[in-house]
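Have a look at the structure below, then the notes.
The values are calculated or read from the model by the stated rules, or taken from the named source; none is laboratory data. As the structure is a computational prediction, the values presented were derived from the model and not from experiment. All Cβ positions, glycine included, derive from the backbone under ideal geometry; neighbour counts span all protein chains shown. Note: accessible area is taken over every heavy atom of the protein model, side chains too, but ligands, DNA and RNA are not part of it. Shrake-Rupley method; radii C 1.70, N 1.55, O 1.52, S 1.80 Å.
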Amino acid sequence: MSNDVDVIVIGGGPVGTIALALLGRAGRTAIGLEKDTEMWPTARAVHFDGETMRTLQGLGVADAFRDVTVPMKDVDIVNEADEVLVHAPTDRLGDQAWNDHISFHQPDIERLVRDLVDRTDGVELRCGVSATKVQPVPDGVEVTTVDSDGIEQVLRARWVIAADGARSEVRRALGIESEKYGEDAQWLVVDGLLVNAPGCAADMVQFARYSRPALWLRLPGDRVRMEFMLVPGDDPEEIVTPAAVERISRGVLPADKFTPDRQAVYTFRGRIARQWRSGNVFLAGDAAHQAPPLFGQGLCAGIRDVENLVWKLDLVARGIADDSLLDTYESERRPHATFWVETAANQAVIIQTLDPNVAEGRDEFIRRNPEASAVPTSPALGPGLHDGGRDDRAGKLGIQPILSDGTRLDDMVGNHFLVAVDRAVYDGLPTALKLALDDDGDIVTLTDPLKVGQILDAAAAKAVVMRPDHYILGVGDTVSDLEHLILRIPSIAHAATLSAESR
């Protein structure tokens, strides 16, 4: 079969378009399909973390994104009596060399990503085009499409990434069911402009009120978001009126000073698809996982999905890795995403209680243990291409140092494996392996302590090998440790296999 492109991406939201940009950066060809003719005009996601900004940095657009985003300076948890149970400053750079909590207006960031796709060779986004059928064929996948004029077309690709949202038609067509985490809850989400009114003091406030749990977020410019849990007795038609929004916000959103551009009732749910790969079709983003938005990890998790998957697709497309590498997408990402879904669902149970007695006990616990309410540390990946099974320093997200001249290290390393190593350990490598590292275009080797000292110190190791998605393949302290790690890099392993076969 002759493929039209390497990959077809179904869904033109942020996850799908970032997948297209990553594919284009890797030199792969791809077509994105988005059923809507126009970009979604209102906000959905509103939060990036430092890892997401690092992905955008790798695409060369982080500075442009910084112009339309704002770092979140602080977070509060407030109870029914308006007592601040926790106040946490967040306005600082994290270990990814970016702020860990960043707010945005989604149409602003979607526009930037679409502009990036338009400028990237080999990839395109087709709007007003729906995928009506996805079926496996020899050596790939065939996707039947229909455009807004009713014209049908058949596209062929080696792989499909289905980033078509929580109601994913691809997931349903594949018969993939989802596991449920926590209890579903209906919330009113209100976005708009708040002018000549103070709002809340903190940039993010979780109102742990047993009368009505709520959330406040300050966004760029005059934009704000509030979310309100629906409680028994609410009238779905009345609850969205300006007077009702002013009432349930306790005056934070006065009707004469707040202009909404979206008021909608959503069901917050926790779901994980039971299968993320079916042949050459991969689920990503909300098609694979959905979490209550308590830690702002929904979009971040979707971007992690495609960051994890795309470099693996590229290695397989180039014949450097076997197709089995693609199985590590689900084995690595599913447990990681499950952690965030489960943690958010458990936090939702705590925050969303409508029982005054339960809320009183929760408040006392938080007073005594404020650290328990902090955003949890991101977990390691599940089993895959890393040494996490034998060393718990591996499989985790690596840090990004900022050098003395202000350069972020990724700007030097690019989309490559990084071998960060103490010079003495590197010098002990066999000459042939050093030459292999030097000749390998997929690897950057750094021994300068001014560049890699922070990485080695953070891992408490003499050598760290980091993957293109910035997760740690493995760490070591000896020459033999380093040899083992280098031979796990797919391009080196592939070259070694070819060399052995030629003898």
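Being touching a residue at least 40 places away in the same chain (Cβ under 8 Å), closer than 21 Å to residue 205 by Cα, open to solvent by 50 Å² or more (accessible area, probe 1.4 Å) and among the basic types (Lys, Arg) is true of residue 223. For region 170-186, a residue qualifies if it is within 30 Å of residue 132 (Cα to Cα) and either open to solvent by less than 30 Å² (accessible area, probe 1.4 Å) or assigned to a helix (DSSP H, G or I) (or both), and the qualifying residues are 170, 171, 172, 173, 176. Considering region 118-151, the residues that are over 21 Å from residue 282 (Cα atoms) and of a type in the set (Asp, Glu) include one that is farthest from the chain's Cα centre (by Cα), namely 149. Looking only at residues in region 335-382 that are hydrophobic (A, V, I, L, M, F, W, C) and without any contact (Cβ under 8 Å) to a residue 24 or more places away in the chain, the one that is farthest from residue 273 (Cα to Cα) is 365. Among residues of region 17-39 that are within 19 Å of residue 58 (Cα to Cα), those with a beta-carbon under 8 Å from a residue that is basic (Lys, Arg) and surrounded by fewer than 21 Cβ atoms within 10 Å (Cβ to Cβ) at least six positions away or on a different chain give the pairs 17/114.
With respect to the conditions (1) open to solvent by 40 Å² or more (accessible area, probe 1.4 Å); (2) out of contact with any helix residue (DSSP H, G or I) (no Cβ under 8 Å at 6 or more places or on another chain), residue 350 lacks only one, and its number is (2).
Restricting region 117-151 to residues that are touching a residue at least 12 places away in the same chain (Cβ under 8 Å) and small (Gly, Ala, Ser) leaves a set whose member that is most open to solvent (accessible area, probe 1.4 Å) is 148. With the condition kept exactly as written, say whether any residue in region 354-365 is of a type in the set (Lys, Arg), open to solvent by 70 Å² or more (accessible area, probe 1.4 Å), at pLDDT 90 or above and more than 23 Å from residue 454 (Cβ to Cβ). No, that holds for no residue. So which residues in region 72-100 are open to solvent by 40 Å² or more (accessible area, probe 1.4 Å), under 17 Å from the mean Cα position of the chain (by Cα) and either modelled with pLDDT under 95 or over 30 Å from residue 365 (Cα atoms) (or both)? Across region 72-100, the qualifying residue is only 100. The criterion of at least 1 residues that are farther than 21 Å from residue 363 by Cα and not β-branched (Val, Ile, Thr) is met, among strands (runs of 3 or more DSSP E) falling completely within region 187-249, by 214-218, 223-229. Total residues in region 1-25 satisfying the condition of being assigned to a loop (DSSP other than H, G, I, E, B) and buried (at least 20 other Cβ atoms within 10 Å of the Cβ): the figure is 3.
Is it true that residue 285 is out of contact with any Cys (no Cβ under 8 Å at 6 or more places or on another chain) and at pLDDT below 95? Answer is no for this residue. Scanning region 185-196 turns up no residue that is touching a Lys or Arg at 6+ places or on another chain (Cβ under 8 Å), modelled with pLDDT under 95, closer than 22 Å to residue 286 by Cβ and of a type in the set (D, E, K, R).
Within region 453-480, the set of residues being over 25 Å from the mean Cα position of the chain (by Cα), open to solvent by less than 50 Å² (accessible area, probe 1.4 Å) and within 24 Å of residue 384 (Cβ to Cβ) comprises 456, 461, 463, 476. The set of residues in region 276-320 that are on the phi > 0 side of the Ramachandran plot and open to solvent by 10 Å² or more (accessible area, probe 1.4 Å) comprises 279, 296, 319. Among the residues of region 403-433, those that are among the aliphatic types (A, V, I, L, M) and touching a strand residue (DSSP E or B) at 6+ places or on another chain (Cβ under 6 Å) comprise 413, 418, 419, 420, 421, 425. Quick check on region 383-404. Is at least one of its residues without any contact (Cβ under 8 Å) to a residue 60 or more places away in the chain, open to solvent by less than 40 Å² (accessible area, probe 1.4 Å) and small (Gly, Ala, Ser)? Scanning region 383-404 turns up at least one residue that is without any contact (Cβ under 8 Å) to a residue 60 or more places away in the chain, open to solvent by less than 40 Å² (accessible area, probe 1.4 Å) and small (Gly, Ala, Ser).
Within region 152-164, is even one residue of a type outside the set (A, V, I, L, M, F, W, C), in a loop (DSSP other than H, G, I, E, B) and open to solvent by 50 Å² or more (accessible area, probe 1.4 Å)? So that I can check it myself, show each step before the final result.
Quick first cut of region 152-164, residues of a type outside the set (A, V, I, L, M, F, W, C) only: 152-153, 156, 158, 164.
With the extra rule that they be in a loop (DSSP other than H, G, I, E, B), the set shrinks to 164.
Narrowing the set further to residues that are open to solvent by 50 Å² or more (accessible area, probe 1.4 Å) leaves none.
No, region 152-164 contains no residue that is of a type outside the set (A, V, I, L, M, F, W, C), in a loop (DSSP other than H, G, I, E, B) and open to solvent by 50 Å² or more (accessible area, probe 1.4 Å).
In the set (1) within 23 Å of residue 305 (Cα to Cα); (2) modelled with pLDDT of 95 or more, the condition left unmet by residue 457 is number (1).
The single residue among 382, 389, 406 that is at positive phi and in a loop (DSSP other than H, G, I, E, B) turns out to be 406.
Could you tell me whether residue 429 is modelled with pLDDT of 95 or more, farther than 30 Å from residue 346 by Cβ and either open to solvent by 70 Å² or more (accessible area, probe 1.4 Å) or part of a helix (DSSP H, G or I) (or both)? It is false that residue 429 is modelled with pLDDT of 95 or more, farther than 30 Å from residue 346 by Cβ and either open to solvent by 70 Å² or more (accessible area, probe 1.4 Å) or part of a helix (DSSP H, G or I) (or both).
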